[in-house]
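Comments concern the structure below.
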Number of protein chains: 2
Amino acid sequence: MAKDTVRATTPARTTRRERKGLQQEAAVKAAFELAQRDGAAGLTMRRLGEELKVDATTLYRLFRDKDELLLAVYDHATAVELEEIGEVPDSEHWQDTLRRIADRIWATAVRSPAIAALTFARTTGGPAERRMVELILETFARSGLSREATVRYYRAFADATLGLAGQVAVLATLDSEIQAKDAASWTRIYAHLPDGEYPTARAHITELTSIDRRTIYDLVVEAVLAAAERESAESA
Amino acid sequence: MAKDTVRATTPARTTRRERKGLQQEAAVKAAFELAQRDGAAGLTMRRLGEELKVDATTLYRLFRDKDELLLAVYDHATAVELEEIGEVPDSEHWQDTLRRIADRIWATAVRSPAIAALTFARTTGGPAERRMVELILETFARSGLSREATVRYYRAFADATLGLAGQVAVLATLDSEIQAKDAASWTRIYAHLPDGEYPTARAHITELTSIDRRTIYDLVVEAVLAAAERESAESA
DNA sequence: ACCTGAACACCGTTCAAGT
DNA sequence: ACCTGAACACCGTTCAAGT
(Lines give C-alpha, C1' and ligand atoms only; values in the text may rest on other atoms or scores of the structure.)
Protein backbone atom coordinates (compact mmCIF):
# COMPACT_ATOMS: atom_id res chain seq x y z
CA MET A 1 0.00 0.00 0.00
CA ALA A 2 1.85 3.07 -1.22
CA LYS A 3 -1.33 5.06 -0.79
CA ASP A 4 0.22 7.98 0.98
CA THR A 5 2.97 8.56 -1.52
CA VAL A 6 0.90 11.36 -2.97
CA ARG A 7 1.37 13.24 0.27
CA ALA A 8 4.79 14.70 0.85
CA THR A 9 5.98 11.94 3.14
CA THR A 10 9.02 11.19 1.02
CA PRO A 11 12.46 11.76 2.55
CA ALA A 12 14.16 15.10 2.15
CA ARG A 13 16.81 13.86 -0.28
CA THR A 14 14.53 13.67 -3.31
CA THR A 15 14.19 16.45 -5.83
CA ARG A 16 10.87 18.04 -6.54
CA ARG A 17 10.71 16.26 -9.89
CA GLU A 18 11.39 12.85 -8.40
CA ARG A 19 8.75 13.42 -5.79
CA LYS A 20 6.21 14.41 -8.40
CA GLY A 21 7.09 11.32 -10.42
CA LEU A 22 6.47 9.07 -7.46
CA GLN A 23 3.20 10.80 -6.68
CA GLN A 24 2.07 10.36 -10.27
CA GLU A 25 2.98 6.70 -10.16
CA ALA A 26 0.98 6.19 -6.98
CA ALA A 27 -1.99 8.04 -8.45
CA VAL A 28 -1.86 5.97 -11.65
CA LYS A 29 -1.73 2.74 -9.71
CA ALA A 30 -4.64 3.79 -7.52
CA ALA A 31 -6.65 4.94 -10.55
CA PHE A 32 -5.99 1.64 -12.26
CA GLU A 33 -7.27 -0.31 -9.27
CA LEU A 34 -10.23 2.00 -8.82
CA ALA A 35 -11.30 1.54 -12.44
CA GLN A 36 -10.80 -2.19 -12.08
CA ARG A 37 -12.97 -2.32 -9.00
CA ASP A 38 -15.71 0.23 -9.72
CA GLY A 39 -15.70 0.48 -13.51
CA ALA A 40 -15.35 3.42 -15.85
CA ALA A 41 -18.08 5.44 -14.13
CA GLY A 42 -16.39 4.89 -10.77
CA LEU A 43 -13.14 6.52 -11.82
CA THR A 44 -13.76 10.15 -10.88
CA MET A 45 -11.33 12.71 -9.56
CA ARG A 46 -13.18 12.96 -6.26
CA ARG A 47 -13.16 9.20 -5.69
CA LEU A 48 -9.51 8.95 -6.63
CA GLY A 49 -8.76 11.74 -4.18
CA GLU A 50 -10.56 9.83 -1.43
CA GLU A 51 -8.61 6.70 -2.29
CA LEU A 52 -5.34 8.60 -1.95
CA LYS A 53 -6.54 10.54 1.11
CA VAL A 54 -5.98 13.78 -0.73
CA ASP A 55 -8.33 16.50 -1.85
CA ALA A 56 -9.44 15.86 -5.41
CA THR A 57 -8.17 19.20 -6.60
CA THR A 58 -4.63 18.30 -5.50
CA LEU A 59 -4.51 15.84 -8.39
CA TYR A 60 -4.47 18.78 -10.76
CA ARG A 61 -0.89 19.50 -9.78
CA LEU A 62 0.05 15.99 -10.88
CA PHE A 63 -1.96 15.87 -14.11
CA ARG A 64 -3.14 18.71 -16.27
CA ASP A 65 -6.62 17.19 -16.45
CA LYS A 66 -8.46 13.89 -16.25
CA ASP A 67 -7.52 13.02 -19.80
CA GLU A 68 -3.83 13.15 -19.00
CA LEU A 69 -4.38 10.89 -16.01
CA LEU A 70 -6.32 8.42 -18.14
CA LEU A 71 -3.57 8.23 -20.72
CA ALA A 72 -1.00 7.60 -17.99
CA VAL A 73 -3.17 4.76 -16.67
CA TYR A 74 -3.46 3.30 -20.15
CA ASP A 75 0.29 3.45 -20.61
CA HIS A 76 0.63 1.58 -17.35
CA ALA A 77 -1.65 -1.16 -18.73
CA THR A 78 0.53 -1.34 -21.83
CA ALA A 79 3.60 -1.76 -19.65
CA VAL A 80 1.96 -4.77 -18.02
CA GLU A 81 1.23 -6.20 -21.48
CA LEU A 82 4.85 -5.82 -22.49
CA GLU A 83 6.02 -7.56 -19.37
CA GLU A 84 3.73 -10.49 -20.11
CA ILE A 85 4.95 -10.70 -23.68
CA GLY A 86 8.49 -10.84 -22.34
CA GLU A 87 11.55 -11.46 -24.44
CA VAL A 88 11.01 -12.48 -28.05
CA PRO A 89 13.17 -15.54 -28.83
CA ASP A 90 15.25 -15.22 -32.00
CA SER A 91 13.77 -18.44 -33.26
CA GLU A 92 10.15 -17.29 -33.01
CA HIS A 93 8.37 -16.80 -36.32
CA TRP A 94 7.28 -13.17 -36.81
CA GLN A 95 3.66 -14.24 -37.14
CA ASP A 96 3.75 -16.09 -33.84
CA THR A 97 5.17 -13.04 -32.11
CA LEU A 98 2.30 -10.97 -33.46
CA ARG A 99 -0.20 -13.60 -32.37
CA ARG A 100 1.16 -13.39 -28.84
CA ILE A 101 0.95 -9.61 -28.91
CA ALA A 102 -2.63 -9.72 -30.20
CA ASP A 103 -3.48 -12.13 -27.42
CA ARG A 104 -2.15 -9.77 -24.75
CA ILE A 105 -3.99 -6.78 -26.22
CA TRP A 106 -7.17 -8.82 -25.98
CA ALA A 107 -6.35 -9.82 -22.42
CA THR A 108 -5.97 -6.18 -21.40
CA ALA A 109 -9.37 -5.30 -22.82
CA VAL A 110 -10.96 -8.18 -20.94
CA ARG A 111 -9.15 -7.54 -17.67
CA SER A 112 -9.31 -3.76 -17.65
CA PRO A 113 -12.35 -2.87 -19.76
CA ALA A 114 -12.89 0.46 -18.02
CA ILE A 115 -9.46 1.77 -18.95
CA ALA A 116 -9.44 0.18 -22.40
CA ALA A 117 -12.89 1.57 -23.21
CA LEU A 118 -11.86 5.07 -22.23
CA THR A 119 -8.61 5.17 -24.19
CA PHE A 120 -8.47 2.54 -26.95
CA ALA A 121 -8.65 5.16 -29.70
CA ARG A 122 -5.94 7.32 -28.17
CA THR A 123 -2.18 7.72 -28.31
CA THR A 124 -0.73 7.78 -24.80
CA GLY A 125 2.64 9.17 -25.83
CA GLY A 126 4.10 7.27 -22.90
CA PRO A 127 7.19 5.06 -22.67
CA ALA A 128 5.30 1.75 -22.76
CA GLU A 129 3.50 2.73 -25.93
CA ARG A 130 6.79 3.61 -27.55
CA ARG A 131 8.25 0.24 -26.68
CA MET A 132 5.13 -1.48 -28.02
CA VAL A 133 5.35 0.43 -31.30
CA GLU A 134 9.01 -0.51 -31.59
CA LEU A 135 8.24 -4.17 -30.94
CA ILE A 136 5.45 -4.46 -33.50
CA LEU A 137 7.38 -2.54 -36.16
CA GLU A 138 10.46 -4.66 -35.54
CA THR A 139 8.42 -7.82 -35.89
CA PHE A 140 6.79 -6.84 -39.18
CA ALA A 141 10.20 -5.70 -40.46
CA ARG A 142 11.48 -9.24 -39.78
CA SER A 143 8.97 -10.57 -42.33
CA GLY A 144 10.93 -8.99 -45.15
CA LEU A 145 8.34 -6.31 -46.02
CA SER A 146 9.49 -2.98 -47.42
CA ARG A 147 9.69 -0.03 -45.09
CA GLU A 148 6.45 1.37 -46.46
CA ALA A 149 4.62 -1.96 -46.19
CA THR A 150 5.99 -2.58 -42.70
CA VAL A 151 4.39 0.62 -41.51
CA ARG A 152 1.16 -0.11 -43.35
CA TYR A 153 0.80 -3.51 -41.71
CA TYR A 154 1.94 -2.26 -38.34
CA ARG A 155 -0.90 0.24 -38.38
CA ALA A 156 -3.43 -2.26 -39.74
CA PHE A 157 -2.46 -4.70 -36.99
CA ALA A 158 -2.44 -2.13 -34.20
CA ASP A 159 -5.64 -0.34 -35.22
CA ALA A 160 -7.60 -3.51 -35.92
CA THR A 161 -6.63 -5.19 -32.64
CA LEU A 162 -7.25 -2.06 -30.60
CA GLY A 163 -10.52 -1.37 -32.41
CA LEU A 164 -11.90 -4.85 -31.85
CA ALA A 165 -10.58 -5.06 -28.31
CA GLY A 166 -12.10 -1.64 -27.70
CA GLN A 167 -15.52 -2.96 -28.66
CA VAL A 168 -15.43 -5.76 -26.09
CA ALA A 169 -14.14 -3.30 -23.54
CA VAL A 170 -16.92 -0.78 -24.18
CA LEU A 171 -19.50 -3.54 -24.02
CA ALA A 172 -18.07 -4.82 -20.76
CA THR A 173 -18.42 -1.39 -19.15
CA LEU A 174 -22.15 -1.20 -19.76
CA ASP A 175 -24.79 -2.24 -17.25
CA SER A 176 -25.06 -5.99 -17.03
CA GLU A 177 -28.70 -5.58 -17.99
CA ILE A 178 -27.76 -3.94 -21.29
CA GLN A 179 -25.04 -6.52 -21.84
CA ALA A 180 -27.54 -9.31 -21.53
CA LYS A 181 -29.86 -7.56 -23.94
CA ASP A 182 -27.01 -7.17 -26.40
CA ALA A 183 -25.95 -10.79 -26.11
CA ALA A 184 -29.48 -12.06 -26.66
CA SER A 185 -30.23 -9.63 -29.48
CA TRP A 186 -30.23 -12.20 -32.26
CA THR A 187 -32.80 -14.46 -30.79
CA ARG A 188 -34.74 -11.57 -29.30
CA ILE A 189 -35.04 -9.81 -32.65
CA TYR A 190 -35.27 -12.49 -35.28
CA ALA A 191 -37.02 -15.29 -33.51
CA HIS A 192 -40.26 -13.32 -33.36
CA LEU A 193 -40.49 -11.74 -36.78
CA PRO A 194 -42.65 -12.72 -39.75
CA ASP A 195 -40.99 -15.35 -41.88
CA GLY A 196 -40.40 -13.34 -45.03
CA GLU A 197 -38.81 -10.28 -43.51
CA TYR A 198 -35.17 -11.13 -42.97
CA PRO A 199 -34.74 -14.49 -44.70
CA THR A 200 -30.94 -14.62 -44.66
CA ALA A 201 -30.64 -13.59 -41.03
CA ARG A 202 -33.27 -16.16 -40.08
CA ALA A 203 -31.52 -18.87 -42.08
CA HIS A 204 -28.31 -18.18 -40.15
CA ILE A 205 -29.83 -17.76 -36.71
CA THR A 206 -28.10 -20.78 -35.15
CA GLU A 207 -24.68 -19.69 -36.35
CA LEU A 208 -25.32 -16.07 -35.39
CA THR A 209 -26.14 -16.96 -31.82
CA SER A 210 -23.26 -19.35 -31.29
CA ILE A 211 -20.27 -17.39 -32.59
CA ASP A 212 -18.05 -15.69 -30.00
CA ARG A 213 -16.08 -12.46 -30.16
CA ARG A 214 -12.68 -14.03 -29.67
CA THR A 215 -13.15 -16.17 -32.79
CA ILE A 216 -13.87 -13.02 -34.78
CA TYR A 217 -10.85 -11.26 -33.29
CA ASP A 218 -8.56 -14.11 -34.27
CA LEU A 219 -10.07 -14.25 -37.75
CA VAL A 220 -9.29 -10.58 -38.39
CA VAL A 221 -5.78 -10.92 -36.95
CA GLU A 222 -5.11 -13.93 -39.18
CA ALA A 223 -6.48 -12.11 -42.21
CA VAL A 224 -4.05 -9.23 -41.65
CA LEU A 225 -1.11 -11.57 -41.06
CA ALA A 226 -1.96 -13.55 -44.20
CA ALA A 227 -2.12 -10.36 -46.26
CA ALA A 228 1.27 -9.29 -44.90
CA GLU A 229 2.74 -12.68 -45.70
CA ARG A 230 1.46 -12.60 -49.26
CA GLU A 231 2.79 -9.11 -49.82
CA SER A 232 6.21 -10.00 -48.46
CA ALA A 233 6.30 -13.12 -50.67
CA GLU A 234 5.45 -11.03 -53.74
CA SER A 235 8.18 -8.50 -53.10
CA ALA A 236 10.81 -11.19 -52.39
CA MET B 1 -38.68 22.57 -39.43
CA ALA B 2 -40.79 19.98 -37.65
CA LYS B 3 -39.49 21.20 -34.32
CA ASP B 4 -42.80 21.37 -32.59
CA THR B 5 -43.86 17.87 -33.40
CA VAL B 6 -42.83 16.84 -29.91
CA ARG B 7 -45.62 18.98 -28.56
CA ALA B 8 -49.12 17.65 -28.99
CA THR B 9 -49.94 19.79 -32.01
CA THR B 10 -50.85 16.82 -34.19
CA PRO B 11 -54.43 16.52 -35.41
CA ALA B 12 -56.96 14.64 -33.37
CA ARG B 13 -57.21 11.69 -35.75
CA THR B 14 -53.96 10.04 -34.67
CA THR B 15 -53.71 7.36 -32.04
CA ARG B 16 -51.53 7.83 -28.99
CA ARG B 17 -48.98 5.39 -30.39
CA GLU B 18 -48.75 7.17 -33.73
CA ARG B 19 -48.28 10.46 -31.95
CA LYS B 20 -45.52 9.06 -29.79
CA GLY B 21 -43.83 7.64 -32.86
CA LEU B 22 -43.84 11.02 -34.56
CA GLN B 23 -42.51 12.71 -31.45
CA GLN B 24 -39.72 10.16 -31.21
CA GLU B 25 -38.84 10.72 -34.85
CA ALA B 26 -38.68 14.47 -34.38
CA ALA B 27 -36.54 14.06 -31.25
CA VAL B 28 -34.16 11.71 -33.05
CA LYS B 29 -33.77 14.11 -35.94
CA ALA B 30 -33.14 17.03 -33.63
CA ALA B 31 -30.65 15.01 -31.57
CA PHE B 32 -28.85 14.01 -34.75
CA GLU B 33 -28.50 17.62 -35.84
CA LEU B 34 -27.53 18.78 -32.38
CA ALA B 35 -24.74 16.21 -32.19
CA GLN B 36 -23.64 17.18 -35.67
CA ARG B 37 -23.47 20.83 -34.74
CA ASP B 38 -22.18 20.80 -31.16
CA GLY B 39 -20.45 17.45 -30.89
CA ALA B 40 -20.85 14.57 -28.47
CA ALA B 41 -20.55 16.78 -25.39
CA GLY B 42 -23.24 19.09 -26.77
CA LEU B 43 -25.85 16.38 -26.95
CA THR B 44 -27.45 16.62 -23.52
CA MET B 45 -31.04 16.12 -22.53
CA ARG B 46 -31.40 19.73 -21.45
CA ARG B 47 -30.06 21.10 -24.71
CA LEU B 48 -32.21 18.74 -26.73
CA GLY B 49 -35.19 19.90 -24.73
CA GLU B 50 -34.37 23.51 -25.55
CA GLU B 51 -34.04 22.65 -29.22
CA LEU B 52 -37.48 21.06 -29.19
CA LYS B 53 -38.94 23.78 -26.96
CA VAL B 54 -39.91 21.18 -24.42
CA ASP B 55 -38.78 20.60 -20.88
CA ALA B 56 -35.88 18.15 -20.81
CA THR B 57 -37.75 15.79 -18.53
CA THR B 58 -40.53 15.40 -21.07
CA LEU B 59 -38.11 13.41 -23.22
CA TYR B 60 -38.26 10.64 -20.66
CA ARG B 61 -41.75 9.77 -21.81
CA LEU B 62 -40.35 9.21 -25.31
CA PHE B 63 -37.20 7.30 -24.37
CA ARG B 64 -36.47 5.29 -21.28
CA ASP B 65 -33.13 7.01 -20.88
CA LYS B 66 -30.41 8.78 -22.82
CA ASP B 67 -28.94 5.47 -23.97
CA GLU B 68 -32.18 4.52 -25.71
CA LEU B 69 -32.25 7.89 -27.46
CA LEU B 70 -28.64 7.46 -28.59
CA LEU B 71 -29.36 4.05 -30.07
CA ALA B 72 -32.34 5.44 -31.96
CA VAL B 73 -30.14 8.21 -33.37
CA TYR B 74 -27.54 5.65 -34.43
CA ASP B 75 -30.18 3.57 -36.15
CA HIS B 76 -31.24 6.69 -38.00
CA ALA B 77 -27.64 7.14 -39.22
CA THR B 78 -27.64 3.54 -40.41
CA ALA B 79 -30.84 4.18 -42.34
CA VAL B 80 -29.10 7.01 -44.18
CA GLU B 81 -26.20 4.68 -44.99
CA LEU B 82 -28.57 2.12 -46.44
CA GLU B 83 -30.24 4.72 -48.60
CA GLU B 84 -26.88 5.77 -49.97
CA ILE B 85 -25.92 2.19 -50.70
CA GLY B 86 -29.14 1.84 -52.63
CA GLU B 87 -30.15 -1.21 -54.60
CA VAL B 88 -27.51 -3.87 -55.18
CA PRO B 89 -27.40 -4.77 -58.88
CA ASP B 90 -27.51 -8.50 -59.58
CA SER B 91 -24.36 -8.19 -61.63
CA GLU B 92 -22.27 -6.66 -58.85
CA HIS B 93 -19.52 -8.86 -57.47
CA TRP B 94 -20.03 -9.66 -53.78
CA GLN B 95 -16.69 -8.08 -52.89
CA ASP B 96 -17.60 -4.83 -54.61
CA THR B 97 -20.86 -4.66 -52.69
CA LEU B 98 -18.97 -5.07 -49.45
CA ARG B 99 -16.46 -2.42 -50.49
CA ARG B 100 -19.32 0.01 -51.04
CA ILE B 101 -20.82 -0.85 -47.66
CA ALA B 102 -17.44 -0.36 -45.96
CA ASP B 103 -17.12 2.99 -47.66
CA ARG B 104 -20.48 4.17 -46.33
CA ILE B 105 -19.71 2.99 -42.80
CA TRP B 106 -16.54 5.07 -42.99
CA ALA B 107 -18.48 8.04 -44.32
CA THR B 108 -20.89 7.89 -41.37
CA ALA B 109 -18.03 7.94 -38.89
CA VAL B 110 -16.50 10.96 -40.62
CA ARG B 111 -19.78 12.85 -41.02
CA SER B 112 -21.32 12.04 -37.67
CA PRO B 113 -18.39 11.36 -35.36
CA ALA B 114 -20.31 12.32 -32.24
CA ILE B 115 -22.98 9.69 -32.79
CA ALA B 116 -20.59 7.07 -34.12
CA ALA B 117 -18.22 7.55 -31.18
CA LEU B 118 -21.02 7.12 -28.69
CA THR B 119 -22.51 3.97 -30.15
CA PHE B 120 -20.08 2.12 -32.44
CA ALA B 121 -19.73 -0.79 -30.04
CA ARG B 122 -23.46 -1.17 -29.58
CA THR B 123 -26.39 -3.01 -31.07
CA THR B 124 -29.26 -0.63 -31.82
CA GLY B 125 -31.86 -3.33 -32.27
CA GLY B 126 -33.57 -0.98 -34.71
CA PRO B 127 -35.01 -1.62 -38.16
CA ALA B 128 -32.10 -0.08 -40.09
CA GLU B 129 -29.61 -2.27 -38.28
CA ARG B 130 -31.66 -5.33 -39.13
CA ARG B 131 -31.70 -4.43 -42.81
CA MET B 132 -27.93 -3.82 -42.71
CA VAL B 133 -27.31 -7.21 -41.12
CA GLU B 134 -29.50 -8.84 -43.74
CA LEU B 135 -27.64 -7.09 -46.55
CA ILE B 136 -24.14 -8.01 -45.36
CA LEU B 137 -25.10 -11.62 -44.63
CA GLU B 138 -26.78 -11.94 -48.00
CA THR B 139 -23.68 -10.60 -49.72
CA PHE B 140 -21.26 -12.98 -48.01
CA ALA B 141 -23.66 -15.84 -48.70
CA ARG B 142 -23.39 -15.00 -52.42
CA SER B 143 -19.67 -15.79 -52.28
CA GLY B 144 -20.42 -19.46 -51.82
CA LEU B 145 -19.24 -19.71 -48.22
CA SER B 146 -20.86 -22.22 -45.87
CA ARG B 147 -23.49 -20.98 -43.43
CA GLU B 148 -21.00 -21.09 -40.59
CA ALA B 149 -18.31 -19.24 -42.58
CA THR B 150 -20.80 -16.67 -43.85
CA VAL B 151 -21.60 -15.69 -40.29
CA ARG B 152 -17.94 -15.70 -39.29
CA TYR B 153 -17.01 -13.32 -42.09
CA TYR B 154 -20.07 -11.18 -41.62
CA ARG B 155 -19.03 -10.56 -38.04
CA ALA B 156 -15.36 -10.04 -38.94
CA PHE B 157 -16.38 -7.51 -41.57
CA ALA B 158 -18.91 -5.70 -39.41
CA ASP B 159 -16.82 -5.61 -36.23
CA ALA B 160 -13.62 -4.60 -37.99
CA THR B 161 -15.22 -1.79 -40.00
CA LEU B 162 -17.16 -0.48 -37.00
CA GLY B 163 -14.13 -0.79 -34.75
CA LEU B 164 -11.84 1.12 -37.09
CA ALA B 165 -14.49 3.67 -37.99
CA GLY B 166 -15.17 4.05 -34.27
CA GLN B 167 -11.57 5.04 -33.69
CA VAL B 168 -11.66 7.90 -36.21
CA ALA B 169 -14.97 8.96 -34.77
CA VAL B 170 -13.70 9.03 -31.19
CA LEU B 171 -10.63 10.95 -32.29
CA ALA B 172 -12.77 13.46 -34.16
CA THR B 173 -14.83 14.19 -31.05
CA LEU B 174 -11.82 15.25 -29.01
CA ASP B 175 -10.64 18.84 -28.62
CA SER B 176 -8.91 20.04 -31.74
CA GLU B 177 -5.87 20.70 -29.57
CA ILE B 178 -5.67 17.04 -28.56
CA GLN B 179 -6.29 15.98 -32.14
CA ALA B 180 -3.34 18.01 -33.34
CA LYS B 181 -1.17 16.51 -30.62
CA ASP B 182 -2.27 13.04 -31.64
CA ALA B 183 -1.63 13.67 -35.33
CA ALA B 184 1.84 15.03 -34.67
CA SER B 185 2.72 12.35 -32.13
CA TRP B 186 5.26 10.55 -34.31
CA THR B 187 7.46 13.49 -35.00
CA ARG B 188 6.89 14.92 -31.54
CA ILE B 189 8.02 11.75 -29.82
CA TYR B 190 10.68 10.20 -32.01
CA ALA B 191 12.32 13.18 -33.60
CA HIS B 192 13.81 14.27 -30.30
CA LEU B 193 15.00 11.04 -28.74
CA PRO B 194 18.55 9.65 -28.45
CA ASP B 195 19.53 7.69 -31.51
CA GLY B 196 19.81 4.22 -30.01
CA GLU B 197 16.48 4.11 -28.18
CA TYR B 198 13.87 3.21 -30.74
CA PRO B 199 15.87 2.30 -33.83
CA THR B 200 13.07 0.71 -35.85
CA ALA B 201 10.60 3.49 -35.16
CA ARG B 202 13.20 6.07 -36.11
CA ALA B 203 14.08 4.22 -39.29
CA HIS B 204 10.40 4.30 -40.29
CA ILE B 205 9.64 7.84 -39.24
CA THR B 206 8.91 9.15 -42.74
CA GLU B 207 6.46 6.35 -43.48
CA LEU B 208 4.88 6.61 -40.04
CA THR B 209 4.11 10.28 -40.46
CA SER B 210 2.74 10.04 -43.99
CA ILE B 211 0.29 7.12 -43.76
CA ASP B 212 -3.39 7.99 -43.42
CA ARG B 213 -6.21 6.22 -41.61
CA ARG B 214 -8.29 5.51 -44.68
CA THR B 215 -5.45 3.52 -46.26
CA ILE B 216 -5.31 1.38 -43.13
CA TYR B 217 -9.08 0.93 -43.14
CA ASP B 218 -9.05 -0.25 -46.74
CA LEU B 219 -6.14 -2.58 -46.05
CA VAL B 220 -8.02 -4.33 -43.24
CA VAL B 221 -11.21 -4.56 -45.32
CA GLU B 222 -9.28 -6.07 -48.22
CA ALA B 223 -7.54 -8.52 -45.90
CA VAL B 224 -10.90 -9.78 -44.62
CA LEU B 225 -12.36 -10.01 -48.14
CA ALA B 226 -9.29 -11.91 -49.38
CA ALA B 227 -9.54 -14.34 -46.50
CA ALA B 228 -13.22 -14.93 -47.28
CA GLU B 229 -12.43 -15.48 -50.94
CA ARG B 230 -9.73 -18.03 -50.16
CA GLU B 231 -12.00 -19.91 -47.79
CA SER B 232 -14.83 -20.01 -50.30
CA ALA B 233 -12.43 -21.23 -53.03
CA GLU B 234 -11.20 -24.03 -50.75
CA SER B 235 -14.68 -25.26 -49.94
CA ALA B 236 -15.79 -25.17 -53.60
C1' DA C 1 -53.60 13.15 -20.17
C1' DC C 2 -49.75 15.55 -20.51
C1' DC C 3 -46.03 18.66 -19.10
C1' DT C 4 -43.25 21.33 -15.78
C1' DG C 5 -39.81 22.55 -12.58
C1' DA C 6 -37.78 21.85 -8.30
C1' DA C 7 -34.69 18.75 -6.43
C1' DC C 8 -31.13 14.96 -5.91
C1' DA C 9 -26.86 13.20 -6.39
C1' DC C 10 -23.48 13.69 -8.87
C1' DC C 11 -19.46 15.56 -12.46
C1' DG C 12 -14.59 18.25 -13.93
C1' DT C 13 -12.24 22.25 -12.89
C1' DT C 14 -10.74 26.98 -10.98
C1' DC C 15 -8.96 29.86 -7.56
C1' DA C 16 -8.79 32.52 -3.33
C1' DA C 17 -7.61 31.36 1.15
C1' DG C 18 -5.25 28.86 4.55
C1' DT C 19 -0.97 26.54 6.91
C1' DA D 1 5.68 25.30 -0.91
C1' DC D 2 1.93 22.78 -0.70
C1' DC D 3 -2.94 21.63 0.07
C1' DT D 4 -7.85 22.72 0.93
C1' DG D 5 -12.55 23.73 0.21
C1' DA D 6 -15.88 26.70 -1.48
C1' DA D 7 -17.77 27.70 -5.74
C1' DC D 8 -19.02 27.44 -10.79
C1' DA D 9 -21.19 25.53 -14.44
C1' DC D 10 -22.71 21.79 -15.67
C1' DC D 11 -24.75 16.49 -15.95
C1' DG D 12 -28.86 12.44 -16.02
C1' DT D 13 -32.88 11.39 -13.74
C1' DT D 14 -37.05 11.30 -10.41
C1' DC D 15 -41.36 12.82 -8.87
C1' DA D 16 -44.75 15.79 -6.74
C1' DA D 17 -47.32 19.45 -8.44
C1' DG D 18 -49.66 21.93 -11.79
C1' DT D 19 -53.04 22.64 -15.96
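The values are calculated or read from the model by the stated rules, or taken from the named source; none is laboratory data. Note that the structure is a prediction, hence the values are computed from the model and not measured. FYI the Cβ positions are ideal-geometry reconstructions off the backbone, even for glycines, and counts take in every protein chain you see.
Here are a few things to note about the model shown:
- Candidate set from the stretch A:34-54 (those that are under 24 Å from B:Gln179 (Cβ atoms) and more than 14 Å from chain B (Cβ to nearest Cβ)); member that is nearest to DNA strand D (Cβ to nearest atom): A:Met45
- Only one entry of B:Ala169, B:Ala184, B:Ala191 meets the criterion of being at pLDDT 85 or above and not aromatic (Phe, Trp, Tyr), and that entry is B:Ala169.
- Given (1) surrounded by 12 or more Cβ atoms within 10 Å (Cβ to Cβ); (2) assigned to a loop (DSSP other than H, G, I, E, B); (3) within 13 Å of DNA strand D (Cβ to nearest atom), number of the condition B:Arg64 does not satisfy: (1)
- Test: residue in the stretch B:105-115 that is in contact (Cβ under 8 Å) with a residue 40 or more places away in the chain, of a type outside the set (Ser, Thr, Tyr) and within 16 Å of DNA strand C (Cβ to nearest atom): no
- Residues that are surrounded by fewer than 19 Cβ atoms within 10 Å (Cβ to Cβ) and among the aliphatic types (A, V, I, L, M), drawn from the stretch A:190-210: A:Ala191, A:Leu193, A:Ala203, A:Ile205
- Count - residues of the stretch A:212-230 that are assigned to a helix (DSSP H, G or I) and more than 9 Å from chain B (Cβ to nearest Cβ): 4
- Residues being more than 9 Å from chain A (Cβ to nearest Cβ) and more than 16 Å from A:Tyr190 (Cα to Cα) - total across the stretch B:113-134: 6
- A residue that is out of contact with any helix residue (DSSP H, G or I) (no Cβ under 6 Å at 6 or more places or on another chain), free of Cβ contacts under 8 Å to residues at least 24 places away in the same chain and under 15 Å from B:Leu225 (Cβ atoms) can be found somewhere in the stretch B:87-95.
- From the list A:Arg130, A:Arg152, the lone residue that is of a type in the set (D, E, K, R) and farther than 30 Å from A:Leu43 by Cα is A:Arg152.
- So A:Ala35, is it among the aliphatic types (A, V, I, L, M) and away from DNA strand C (no atom under 16 Å from the Cβ): no
- Residue in the stretch A:83-98 that is surrounded by the fewest Cβ atoms within 10 Å (Cβ to Cβ), counting only those that are in contact with a Leu (Cβ under 8 Å, 6 or more places away or on another chain), among the hydrophobic types (A, V, I, L, M, F, W, C) and under 21 Å from A:Ala160 (Cα atoms): A:Ile85
- Only one of the numbered conditions (1) among the β-branched types (Val, Ile, Thr); (2) within 16 Å of DNA strand C (Cβ to nearest atom); (3) within 14 Å of chain A (Cβ to nearest Cβ) is not met by B:Thr57, and that is (3).
- Counting only helices (runs of 4 or more DSSP H) wholly contained in the stretch B:135-211, the ones carrying 2 or more residues that are hydroxyl-bearing (Ser, Thr, Tyr) and at the interface with another protein chain (Cβ under 9 Å from one of its Cβ atoms) occupy B:147-173, B:185-190, B:205-210.
- Qualifying residue in the stretch B:179-194 (condition: among the aliphatic types (A, V, I, L, M) and touching a residue at least 60 places away in the same chain (Cβ under 8 Å)): no
- Count - residues of the stretch A:13-54 that are in a loop (DSSP other than H, G, I, E, B) and surrounded by 18 or more Cβ atoms within 10 Å (Cβ to Cβ): 3
- For A:Glu92, the conditions (1) at pLDDT 95 or above; (2) in a helix (DSSP H, G or I); (3) not β-branched (Val, Ile, Thr) are fulfilled apart from (2).
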